[in-house]
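The values are calculated or read from the model by the stated rules, or taken from the named source; none is laboratory data. Because the structure is predicted, anything quoted here is derived from the model rather than measured. Ideal geometry is used to build each Cβ from the backbone, glycine not excepted, and the neighbour counts take in all protein chains shown.
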């Protein structure tokens, strides 16, 4: 396991050095995305109203932001579960030229394949302390606010040493959570044997 402090926009060299389990901190210009934005672009065939050329890190996030004294003020920030967006994952990586997706949990096989092809990684928060990150995030702009609403809009952030995140899909297609599932299954079977429990047992049905 290694620790990296990366500065965006990210390059192929930045992400190909990462391996599952590595720890990453990010200093970059990023943008947010949830299901409504992806549906608006990929399913409803609208045009993305901004370029991702110098902003190739996407955060699956619906931030809580208010307007105060004529400026946007970030109140709460925490990446949401990326697996919910697997339907659009591969397209997001390919069409938006992403080098990193930030989100809780992980993503599926099709997205991992595209990440391997396009040199992109997925990273997941190592902590659940969203408000501790606020001082590391500057709100720059927002797109599609009227069309999608405050939570689902595409927010532009400038982040400084944001993290820690753990790499859970690397550019070789390796998935940290798949490895953890395999390890858990082995440990579970060992525990059942030691406790003398039939591995084919079923949980008690209460109703």
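Please verify whether segment 48-58 includes one or more residues that are out of contact with any strand residue (DSSP E or B) (no Cβ under 9 Å at 6 or more places or on another chain) and more than 23 Å from residue 170 (Cα to Cα).
Looking through segment 48-58, at least one residue is out of contact with any strand residue (DSSP E or B) (no Cβ under 9 Å at 6 or more places or on another chain) and more than 23 Å from residue 170 (Cα to Cα).
Residues checked against (1) surrounded by 18 or more Cβ atoms within 10 Å (Cβ to Cβ); (2) part of a helix (DSSP H, G or I):
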{"position": "1", "(1), (2)": "no, no"}
{"position": "28", "(1), (2)": "yes, no"}
{"position": "32", "(1), (2)": "yes, no"}
{"position": "41", "(1), (2)": "yes, yes"}
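Every residue, every condition in (1) over 14 Å from residue 61 (Cα atoms); (2) touching a helix residue (DSSP H, G or I) at 6+ places or on another chain (Cβ under 7 Å), yes or no:
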residue	(1), (2)
82	no, no
92	yes, yes
96	yes, no
99	yes, yes
117	yes, no
123	no, no
140	yes, no
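The conditions are (1) surrounded by 15 or more Cβ atoms within 10 Å (Cβ to Cβ); (2) closer than 22 Å to residue 8 by Cα, and residue 50 fails exactly one of them. Which is it?
Of (1) surrounded by 15 or more Cβ atoms within 10 Å (Cβ to Cβ); (2) closer than 22 Å to residue 8 by Cα, only one is false for residue 50: (1).
Against the definition (closer than 28 Å to residue 1 by Cβ, touching a strand residue (DSSP E or B) at 6+ places or on another chain (Cβ under 8 Å) and surrounded by fewer than 17 Cβ atoms within 10 Å (Cβ to Cβ)), how does residue 76 come out, yes or no?
So residue 76 fails the test.
So which residues in segment 5-25 are touching a helix residue (DSSP H, G or I) at 6+ places or on another chain (Cβ under 8 Å) and closer than 19 Å to residue 55 by Cα?
Listed by number, the list holds a single entry, 6.
With the requirement that a residue be part of a loop (DSSP other than H, G, I, E, B), at pLDDT below 95 and more than 21 Å from residue 144 (Cα to Cα), what does segment 51-102 give you?
Of everything in segment 51-102, just one residue is part of a loop (DSSP other than H, G, I, E, B), at pLDDT below 95 and more than 21 Å from residue 144 (Cα to Cα), namely 69.
Could you please give the count of residues in segment 103-160 that are in contact with a strand residue (DSSP E or B) (Cβ under 9 Å, 6 or more places away or on another chain), in a helix (DSSP H, G or I) and touching a residue at least 60 places away in the same chain (Cβ under 8 Å)?
3
Return only the number of the condition from (1) in contact with a strand residue (DSSP E or B) (Cβ under 8 Å, 6 or more places away or on another chain); (2) at pLDDT 95 or above; (3) surrounded by 17 or more Cβ atoms within 10 Å (Cβ to Cβ) that residue 7 does not satisfy.
(3)
If you go through segment 119-141, how many residues are within 23 Å of residue 49 (Cβ to Cβ) and surrounded by 18 or more Cβ atoms within 10 Å (Cβ to Cβ)?
2
Filter segment 53-67 for residues that are over 20 Å from residue 77 (Cβ atoms) and surrounded by 13 or more Cβ atoms within 10 Å (Cβ to Cβ) and give the result.
Of everything in segment 53-67, nothing turns out to be over 20 Å from residue 77 (Cβ atoms) and surrounded by 13 or more Cβ atoms within 10 Å (Cβ to Cβ).
Report whether or not residue 51 is more than 19 Å from the chain's Cα centre (by Cα) and under 23 Å from residue 6 (Cα atoms).
The answer is yes for residue 51.
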